[in-house]
Each structure stands twice: as C-alpha cells, then as structure tokens.
C-alpha cells in the first residue's frame, strides 16, 4: 500500500500573490470602518440629562458615551487574535502528529500574529478601562483570563528561545500553542459563566443596532484581511530564511 | 457654560485622548510590524541573491 504523503504548506503561489492586496484591502476596510464608527454609528447613550438640549440639529437627552467607540476596533482585533491562536494550535497539533518542521514554522508565525493582536486587544481594552472605570487594571474575570492568554503567548516565545534542539523546541511549542487555545473559550465564555463580571457583554446589553453591527463587520473583515496578509508575508520571510540557512549549511 | 451642555461634554472631551490613542496605537503597531516584516523579507532576498551569485561563481571555476 502506498504511504500517505503529508502535504506541507509552502511559500509562493496564489496565497502569497493575494497577501499584499489583502493587506491593502484590510487597511481600506479598517479606515472605512473607522469613519463609519465616528460619522455613522450612533453613539451609545449614558445617563439621562436633567433636561434635553439641542446640539446642532439633534435633540440630546442622554450623555454620549464616546469612549464606547473603542469597541469598534477592540472587538475585531480580539476576534482576529482568537483566530490566529486557533491556527497556531492547529499547526502545532499537525507538527506533533507528523514531526514535520514546516508545521512548526506555520505555528510560530501564527502565534506571532496572535501575540501582536493579543497585545493590541489589551491596549485598546485598557484605554477604555482607564477612562470608564478610572483604573489601568482591575482583576475582573475577562481581563484576568485574557492576561493569562497574553502571558501564555509570551511564554511560547520565551520557551522557544530557551530550547536549542529544533525537535524538542517544536514539540514544547506545539504543546504550549494548544494550551493557549484552551484559554480562548474560557476567555470568551467567562463573562457568561460569571454573571457578576462587570466587563460589557454585547448580548447582555441588548445586542447591537444595525449601524453598530455593520461597522463591527466592516472592521472585522478588514482586520481579518490584515491578519491574513501579515501571516503570509511573515511566513514567506520565515521560509526564505530557512531555505537560505539550508543552502548555507549545504555549502559549508 | 450651560450646565446641561457641560454634562454632555463631560463624557466626550475627556475620553478623546484615550480614543485617539487606541485607534492610533492599533494602526501604528500594525504599520510597524509590516515595515519590520518587509525589511526582513528584502534583507533575506538580498542574502539569497548573494548566495546564488556565489554558487554560480563557484560552479564556473
């Protein structure tokens, strides 16, 4: 019986050909989403005013929570971080199953993109927290589980740098990428599992209005494209570096 | 200032620095990452070209 061959991802071809257009499309969509957030999506109402006031041609009856507009970048960036972590774990598992180093490269690049988006989620979330809650940090369940996720992603790269043997390094890294993925549903569900959590939950607060949903969708599509473009560019660089090293080793 | 307008602006003006920082940091971080990756890619491609040249020269000897 013929031995089943494992198809390994490689740089080049159409996935790389569309990487730069995807990045450009992502930049355009996030810019459109940014404009929609400020020029189209209605601001969220805060406390009621003591009396209505005419501002421009709009009768304002509540305080306007402009800081909520951070949400239009915060949530899509968080979702992209989860997707990147899922890919990191998927390729980590593929490596553990096949021992093919290429999957480790894919996993490393996906985890790098994930760490970038995790850090951006933390920063955008923290800026909102500072204004709305008056503190830079609080041990709230969502924040705490997401901090753990960020620490796991950082630990992934610390571990990689600490192990010299490529086989062992990739094995440990594969396991850590799966551990990071395990924290994703915990992060996502924690506000539902612990109802006392003060982190805003869209579904709990009546869902999104069509203008909010459309804005989130546009930014999410843009961020997904940016994430994909970054992954392919970084993967191409990593593969070229590996091929260069292999050639140097052959010549020596 | 009209106290009602002051009440409206109390949640708008002070939040502006945080809002601007959040959007600017996301774009800036992504842009910096793109620049780092593209520079790395160009550097590796240049090294590859040098290596190919060296191999060709060695083959010609």
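The values are calculated or read from the model by the stated rules, or taken from the named source; none is laboratory data. Please read these numbers as outputs of a predicted model, since none were measured by experiment. No Cβ is skipped: glycine too gets one built from the backbone with ideal geometry, and neighbour counts run over all protein chains shown.
Residue by residue, here is whether (1) more than 14 Å from every other protein chain (Cβ to nearest Cβ); (2) in contact with a strand residue (DSSP E or B) (Cβ under 6 Å, 6 or more places away or on another chain); (3) at pLDDT below 90; (4) more than 30 Å from residue B:38 (Cα to Cα) holds:
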site	(1), (2), (3), (4)
A:166	yes, no, no, no
A:178	yes, no, no, no
A:183	yes, no, no, yes
A:197	yes, no, yes, yes
A:205	yes, no, yes, yes
A:209	yes, no, yes, yes
A:214	yes, no, no, yes
A:228	no, no, no, no
A:242	no, no, no, no
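Set side by side, the residues A:111, A:150 differ, and just one is surrounded by fewer than 20 Cβ atoms within 10 Å (Cβ to Cβ) and at pLDDT 95 or above, which is A:150. Within the range A:153-195, being closer than 17 Å to residue A:104 by Cβ and crowded, with 19+ Cβ neighbours inside 10 Å holds for A:153, A:156, A:170, A:173, A:174, A:176, A:177, A:180, A:181.
Among the residues of the range A:203-252, count how many are touching a residue at least 12 places away in the same chain (Cβ under 8 Å) and part of a helix (DSSP H, G or I).
Taking the range A:203-252 first, the residues touching a residue at least 12 places away in the same chain (Cβ under 8 Å) are A:204, A:209, A:211-212, A:214-216, A:218-236, A:238-240, A:242.
Checking which are part of a helix (DSSP H, G or I) leaves us with A:211-212, A:214-216, A:218-236, A:238-240, A:242.
Within the range A:203-252, residues that are touching a residue at least 12 places away in the same chain (Cβ under 8 Å) and part of a helix (DSSP H, G or I) number 28.
Looking at A:8, A:18, A:32, which is the one that is more than 25 Å from residue B:24 (Cα to Cα) and modelled with pLDDT of 90 or more? Before the answer, list the steps.
Numbers: A:8 fails: modelled with pLDDT of 90 or more; A:32 fails: more than 25 Å from residue B:24 (Cα to Cα).
Answer to the selection: A:18.
Candidates A:60, A:83: the one that is in contact with a strand residue (DSSP E or B) (Cβ under 6 Å, 6 or more places away or on another chain) and crowded, with 17+ Cβ neighbours inside 10 Å is A:60. Is the range B:40-60 home to any residue that is part of a helix (DSSP H, G or I), under 30 Å from residue A:66 (Cβ atoms), more than 19 Å from the chain's Cα centre (by Cα) and at the interface with chain A (Cβ under 7 Å from one of its Cβ atoms)? The answer is no; no qualifying residue exists. For the range B:18-39, state whether one or more residues are touching a strand residue (DSSP E or B) at 6+ places or on another chain (Cβ under 9 Å), at the interface with chain A (Cβ under 9 Å from one of its Cβ atoms) and either buried (at least 18 other Cβ atoms within 10 Å of the Cβ) or part of a helix (DSSP H, G or I) (or both). The answer is no; no qualifying residue exists. Against the conditions (1) farther than 27 Å from residue A:9 by Cα; (2) without any contact (Cβ under 8 Å) to a residue 24 or more places away in the chain; (3) touching a helix residue (DSSP H, G or I) at 6+ places or on another chain (Cβ under 9 Å), residue A:145 satisfies every one except (2). Scanning the range A:87-118 for residues being closer than 12 Å to residue A:238 by Cβ and free of Cβ contacts under 8 Å to residues at least 60 places away in the same chain gives a total of 0.
Conditions tested, residue by residue: (1) in contact with a strand residue (DSSP E or B) (Cβ under 9 Å, 6 or more places away or on another chain); (2) within 29 Å of residue B:33 (Cβ to Cβ); (3) modelled with pLDDT under 90.
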site: A:2; (1), (2), (3): no, no, yes
site: A:14; (1), (2), (3): no, yes, yes
site: A:27; (1), (2), (3): no, yes, no
site: A:45; (1), (2), (3): yes, no, yes
site: A:64; (1), (2), (3): yes, no, yes
site: A:87; (1), (2), (3): no, yes, no
site: A:92; (1), (2), (3): no, yes, no
